1. Within the stretch 220-272, work out how many residues are of a type in the set (D, E, K, R) and in contact with a helix residue (DSSP H, G or I) (Cβ under 6 Å, 6 or more places away or on another chain).
2. Please state which of the following conditions Gly423 fails to meet, knowing it meets all the rest: (1) within 14 Å of Glu368 (Cβ to Cβ); (2) among the small types (Gly, Ala, Ser); (3) buried (at least 20 other Cβ atoms within 10 Å of the Cβ).
3. Taking Ala117 as the residue in question, decide whether it is of a type outside the set (Lys, Arg) and in a strand (DSSP E or B).
4. Are any residues in the stretch 428-486 of a type in the set (S, T, N, Q) and surrounded by fewer than 22 Cβ atoms within 10 Å (Cβ to Cβ), and if so, which ones?
5. What's the number of the only condition in (1) free of Cβ contacts under 8 Å to residues at least 24 places away in the same chain; (2) in contact with a Leu (Cβ under 7 Å, 6 or more places away or on another chain); (3) surrounded by fewer than 20 Cβ atoms within 10 Å (Cβ to Cβ) that Lys398 fails to meet?
6. From the list Asn527, Asn513, pick out the single residue that is crowded, with 19+ Cβ neighbours inside 10 Å and either over 30 Å from Ser220 (Cβ atoms) or touching a residue at least 24 places away in the same chain (Cβ under 8 Å) (or both).
7. Assuming Glu490 fulfils every condition listed in (1) assigned by TED's automatic domain parsing to the domain that holds Glu612; (2) more than 19 Å from Gly4 (Cβ to Cβ); (3) in a helix (DSSP H, G or I); (4) out of contact with any Leu (no Cβ under 7 Å at 6 or more places or on another chain) apart from one, which condition is it?
8. Please determine whether any residue of the stretch 371-384 is surrounded by 20 or more Cβ atoms within 10 Å (Cβ to Cβ) and closer than 30 Å to Leu238 by Cα.
Amino acid sequence: MGDGYWRKLLRIDLSTNLVKEESISEDLCKKLLGGVGFGAEILLKEVGPEVHPFDPENRLIFGLGPFQATQIPGSGKWIAVSKSPLTNILCFSVAGGRMGSMLKRAGYDGLIIQGRASKPVYIWIDNDRVEIKDASFLWGKDTVETVDIIRDKLNEPKAAIACIGQAGERLVGIACIVVDKSSFAGRGGLGAVMGSKNLKAVAVKGTKNVEVFDSGKVMSLTREINQKIRTTAPEEFLKGGTTCEVIPTEEFGDLPLRYWAGDTGGIWKEGAKKIGDPYYTQALKVDIKECAKWSCDNCPIRCHRFIHLEEPPEYAVTGIGPQYEALAMLGSCNLVDDLAAISRANDLCNRYGVDCISAGAFVGFATECYERGLLTKKETGGQELKWGDGELLINLVKQIGEREGLGKLFANGIVRAAEAIGGEAKEIAVHVKGMDFPAHDPRAFFSLAVSYATGARGACHTHGLCFKAAQGALLPEMGITEPPDRFEMERKEYIAAKFHDLSALHDSLTMCNFMLFGGMGITDMLNCVNAITGWDWKLEDFLTTAERITTLKRVVNVRYGISRKDDKLPKRVFQPAKEGSRAGKIPIPFEVALDGYYSLRGWDSDGKPTVETLVKYGLTEALKPIWK
């Protein structure tokens, strides 16, 4: 009888070709669950503030939890953890595909990669057999080609493969990790960390069965929760994935327009209709059967869209189409309503291995800088940057992926680009801690203001779904029992904190947060944990673990220099729209809410967890490196 863990991590040092297994204790599993919890612990102990993200001493962790290789809904996830070249702090990014299940079935609860290979390599894990193989012939290949070539060379058509494209090889600060050609550890530049290690890919095949405490109960819960999700999740979400969100977000004033639009409008109704569902499904000939084939393991929602774009021929795409974040950041953020151009730009991001959120933000930022005279045709290579230009969007995405032209300017992220441009560019740039805003506006949901400012990896929506509370995604076990007014700051620090804790559970178990939209709540998650592990945890145990993991993430960032000075929002967030549903609305008093968040967390006025808080959560090992 097992507990869902192998109690084993695989460590690979690419500098020395050392491959070894390391044991982990039951106490650590109970303390941090897995995933981002394990990853943050490893960074705290092994990657000091002096280590540059591209230094061989940086770690890249593939984190798993007890849910992997079970059939629990949403368990086809894993999380990449490292020190980010974009923010220089803790970064964690969730991806799907088959990597989580395969790595777990290979016999591991996580993978730690360190060092730097002397030449391009890829890692091949076939259950107990681990090889570091030459990847020189793969260098320069895009992510689709890389997956196909490795599977063919290994004669393993079902191997899970996480790889980088040309952007990661060129150390582009927003390079991502692409999994099985369809899923993405997108944010924070972790693809560039892989590139800095001369690591082109990790390929895995696992065939072992992970033993759980009560397999019958796990299967019963799986059936019950799957049925709940299929009957509870919004029908339009089940049919259209995240593309169904474009029109509603525009109505909420939540859709990014003209690079967050400053004090101008929040209306783009006709544009939203041209890029969102249901037009999306019709125009791009979405193949529902193919969508199912490309979904993550154990997913009843299947949000990936498989498209067939044929016209115009130069934009043709057959494969994974843009989801909401790409439609919004490549599209509406730049006032591009040409769905074909957005799809082509998104496909380029996927193939180069580029975060589509930051890519869209870069294009919008550059266009506004050009509009204000901060960039000229001299810097743009003769290009005129203007809003709504689909061809320009595609060209700039290519330059980012190739690290040429304007792409060179943005190679190290939005902060350094703004510094290089000078003038008012720093005030224009929309980010937190160097992480570009995702496609949700804190002026439309005030809880996002607190969440973005205090988020462990910078501005982030997926690791703090607090804005969804106003739309009915409640957390009764955490005291969020009714939808809050989205334009009131009162209690928003509490809502942000609790959704951060929910994220800590999602990212450590590890599972997809979209299951929440189908009604898979905290009690469901806890029941699954107990059936898998046999721990017999109470709700209090589960919630305390969530708080501990959130605190640990802050501890790591405090060690990297983060304090209240960094928990701030760009000036633009405090410029209200003149029209639309959020006209006249800004998230104030923000500093009062920030104080409230710190107090709830047990942090001091500078955002540093107190000694008492560290003792409460059993994190006293952090006292030596930070609290001297």
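1. Of the residues in that region, 3 qualify.
2. (3)
3. So Ala117 does not fit the description; no.
4. Thr462, Gln471, Thr481
5. Unmet for Lys398, out of (1) free of Cβ contacts under 8 Å to residues at least 24 places away in the same chain; (2) in contact with a Leu (Cβ under 7 Å, 6 or more places away or on another chain); (3) surrounded by fewer than 20 Cβ atoms within 10 Å (Cβ to Cβ): (1).
6. Just one listed residue meets the conditions, Asn513.
7. (3)
8. Checking the stretch 371-384: not a single residue is surrounded by 20 or more Cβ atoms within 10 Å (Cβ to Cβ) and closer than 30 Å to Leu238 by Cα.
The values are calculated or read from the model by the stated rules, or taken from the named source; none is laboratory data. What you see is a predicted model; the values in this text were computed from it and never measured. All Cβ positions, even for glycine, are placed from backbone atoms using ideal geometry, and neighbour counts span all protein chains on display.
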